[in-house]
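One structure below.
The values are calculated or read from the model by the stated rules, or taken from the named source; none is laboratory data. If you're wondering where the values come from, they're calculated on a predicted model, not measured in any experiment. A quick note on method: Cβ atoms are made from the backbone with ideal geometry, for glycine too, and the neighbour counts reach across all protein chains shown.
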Amino acid sequence: MNALSRGVRRLACSLSTVPEAWRSSTCFTQDRLFVSTGIGSDAGLSEAQRLFKDAADEFASKELAPHSAQWDEQHHFPVATVKAAASLGFASLYIAEDYGGAGLDRQDAAVIFESLAYGDVPVTAYLTIHNMVSAAIERYGSEEQKRALLPQLTSMERLASYCLTEPGSGSDAASLQTTARRSGDHYLISGSKAFISGGGVSDLYLVLARTGAAGPSGISAFIVDKDTEGLSFGKPERKMGWNAQPTTSVTFDDVTVPAEAMLGPEGGGFKIAMNALNGGRINIGACSVGGASMCLDFARDYVAGRSQFGRPIASFQATKFKLADMATQIHASRLMVRRAAQALDEGDPSATVEAAMAKRFATDACYGICNDALQMLGGYGYLKDYPIERVVRDLRVHSILEGTNEIMRTIISKEIDKLGVS
Ligand SMILES: Cc1cc2nc3c(=O)[nH]c(=O)nc-3n(C[C@H](O)[C@H](O)[C@H](O)COP(=O)(O)OP(=O)(O)OC[C@H]3O[C@@H](n4cnc5c(N)ncnc54)[C@H](O)[C@@H]3O)c2cc1C
């Protein structure tokens with residue numbers, strides 16, 4: 001879709017494009033508990049996007065933020081809450097309405113995920129992974145797979161996880177060792193995956209396994225049901241953050257799946273995995289922007305109320321300049337994330353490198369902003385009585401997963417190399 005037709009589509013957006021569940025919810029009538037009004041967060045949004053954002057802000061303030069500290073403390077994954085998010089369309093943002101999705105685009109989703117993450121980062125991050133798996137099924141699945149699986153995923157009757165990483169294969173994902181051997185009309189999957197978000201809780205697993213020779217072209221994708229014999233899960237990992245969703249290893253001991261469980265063509269799995277990650281990187285960038293915005297707002301309020309040397313900390317120029325830099329970095333991150341989402345929506349060939357740039361920049365910058373916000377609270381920032389230390393812990397992993405930020409730099413470097421030397 002070119003920029004012009006996209007603009008026309010934007011102009012055509014109206015209230016009638018907002019999913020019914022969102023319009024009939026209380027989202028637009030009740031007061032928010034707190035206001036997420038980052039400078040520029042509304043800039044350039046269509047009327048429909050503002051409504052999506054309002055709905056997400058409302059859900060974040062009422063259903064996520066009040067429970068975030070407790071979920072982190074108790075390492076509780078709030079399944080009922082993610083299912084409530086699904087009832088508003090948040091589990092299937094860019095899935096076509098024909099399959100029960102909200103029929104939005106990646107830019108809409110970036111706006112929504114940012115708002116949700118303002119209320120809770122790890123729960124929103126789980127929703128992004130679920131959306132990512134659903135989108136891969138929509139893009140690469142057969143009509144039969146889509147009709148069978150997508151309605152269950154869009155309603156979150158079933159939750160989904162993404163299984164690429166292995167104990168011996170992280171950044172070098174194409175070296176994965178899990179195998180899927182053909183046996184008649186079945187495949188037997190053997191091997192193990194590491195660090196799987198939602199492991200043991202999710203009902204469906206998008207699994208990358210080797211069906212052919214070494215390298216990326218020997219990898220295929222499969223959809224595996226949680227209850228399949230031979231599938232088992234490790235204990236939840238003990239993590240620094242992201243405690244409101246489980247992370248486990250997943251072991252495949254001759255797990256037998258029908259040949260129809262393959263997603264896309266044989267040998268097409270690596271492409272599916274990498275394409276999914278383009279969107280995943282944009283989404284995790286949006287989650288970082290949401291978390292950092294909350295920390296900025298919290299710190300700004302705190303320094304206005306806290307006095308030292310006979311005056312509010314907010315009145316010191318050092319504090320004002322720090323807040324100005326934080327707001328600027330958030331704005332830059334947000335713009336990069338939304339622009340990368342637009343590139344993906346438009347099928348722009350630069351989408352992969354723009355997603356890598358946005359992910360690298362937003363996740364590093366926003367982690368730094370949260371850390372700066374913690375510093376502004378002095379000793380109180382270090383206490384669990386305040387939300388900032390939790391978001392610092394949550395955002396730290398965003399520079400590691402969905403491809404580390406060093407791998408983002410290798411993607412960007414390859415594009416620079418293509419330019420050659422003049
Ligand atoms: C909480 C959490 C949730 C996760 N969820 C999922 C999930 O749902 N599904 C999934 O499949 N995976 C998931 N992951 C895994 C994550 O994607 C990997 O941890 C990540 O890709 C890095 O792999 P690794 O940990 O093996 O590190 P390694 O690949 O061993 O890298 C170690 C270090 O070396 C650097 N490095 C490696 N290669 C290069 C290079 N060529 N140039 C420069 N530096 C390099 C890396 O950047 C990193 O700093 C999750 C991880 C965590 C921590």
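Brief remarks on what is shown
- All conditions in (1) more than 17 Å from Cys287 (Cα to Cα); (2) within 15 Å of the ligand (Cβ to nearest atom) hold for Ser422, with the sole exception of (2).
- Residue that is nearest to Asn275 (Cα to Cα), among those in segment 382-422 that are of a type in the set (Gly, Ala, Ser) and touching a residue at least 12 places away in the same chain (Cβ under 8 Å): Gly403
- When Ala109, Ala160, Ala136 are checked against the criterion of being in contact with a Leu (Cβ under 9 Å, 6 or more places away or on another chain) and farther than 22 Å from Ala261 by Cβ, Ala109 stands alone in meeting it.
- Asn275, sole failed condition from (1) in contact with a helix residue (DSSP H, G or I) (Cβ under 8 Å, 6 or more places away or on another chain); (2) within 13 Å of the ligand (Cβ to nearest atom); (3) not in a strand (DSSP E or B): (2)
- Between Ser175, Ser134, Ser171, Ser155, the distinction of being within 16 Å of the ligand (Cβ to nearest atom) and under 23 Å from Phe113 (Cα atoms) belongs to Ser134 only.
- Among helices (runs of 4 or more DSSP H) entirely within segment 306-422, having at least 3 residues that are in contact with a His (Cβ under 9 Å, 6 or more places away or on another chain) and of a type outside the set (Phe, Trp, Tyr) singles out 351-376.
- Every condition in (1) without any contact (Cβ under 8 Å) to a residue 40 or more places away in the chain; (2) surrounded by 21 or more Cβ atoms within 10 Å (Cβ to Cβ) is met by Phe309 except one, and the failing one is (2).
- Across segment 179-217, the number of residues qualifying as of a type in the set (Val, Ile, Thr) and surrounded by 23 or more Cβ atoms within 10 Å (Cβ to Cβ) comes to 3.
- Number of the exception - Glu406 against (1) surrounded by 15 or more Cβ atoms within 10 Å (Cβ to Cβ); (2) within 21 Å of the chain's Cα centre (by Cα): (1)
- Test for Arg360: is it free of Cβ contacts under 8 Å to residues at least 60 places away in the same chain, buried (at least 18 other Cβ atoms within 10 Å of the Cβ) and either farther than 19 Å from Asn131 by Cβ or in the same structural domain as Val123 (by TED's automatic domain parsing) (or both): yes
- Subset of segment 149-159 [buried (at least 23 other Cβ atoms within 10 Å of the Cβ) and not in a loop (DSSP other than H, G, I, E, B)]: Leu153, Thr154
- Residue check for Thr165: more than 16 Å from the ligand (Cβ to nearest atom) and within 18 Å of the chain's Cα centre (by Cα): no
- Which listed residue is in contact (Cβ under 8 Å) with a residue 40 or more places away in the chain, out of contact with any Ser or Thr (no Cβ under 6 Å at 6 or more places or on another chain) and not assigned by TED's automatic domain parsing to the domain that holds Tyr367, from Thr319, Thr256: Thr256
- Some residue of segment 140-148 being within 16 Å of the ligand (Cβ to nearest atom) and either free of Cβ contacts under 8 Å to residues at least 12 places away in the same chain or crowded, with 24+ Cβ neighbours inside 10 Å (or both): no
- All of (1) within 12 Å of the ligand (Cβ to nearest atom); (2) more than 21 Å from Ala102 (Cα to Cα) hold for His186 with one exception: (1).
Residue-wise test of (1) under 31 Å from the mean Cα position of the chain (by Cα); (2) assigned by TED's automatic domain parsing to the domain that holds Asp372; (3) not acidic (Asp, Glu).
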{"residue": "Ala299", "(1), (2), (3)": "yes, yes, yes"}
{"residue": "Ser307", "(1), (2), (3)": "no, yes, yes"}
{"residue": "Pro312", "(1), (2), (3)": "no, yes, yes"}
{"residue": "Met326", "(1), (2), (3)": "yes, yes, yes"}
{"residue": "Arg338", "(1), (2), (3)": "yes, yes, yes"}
{"residue": "Ala343", "(1), (2), (3)": "yes, yes, yes"}
{"residue": "Asp348", "(1), (2), (3)": "yes, yes, no"}
{"residue": "Ala355", "(1), (2), (3)": "yes, yes, yes"}
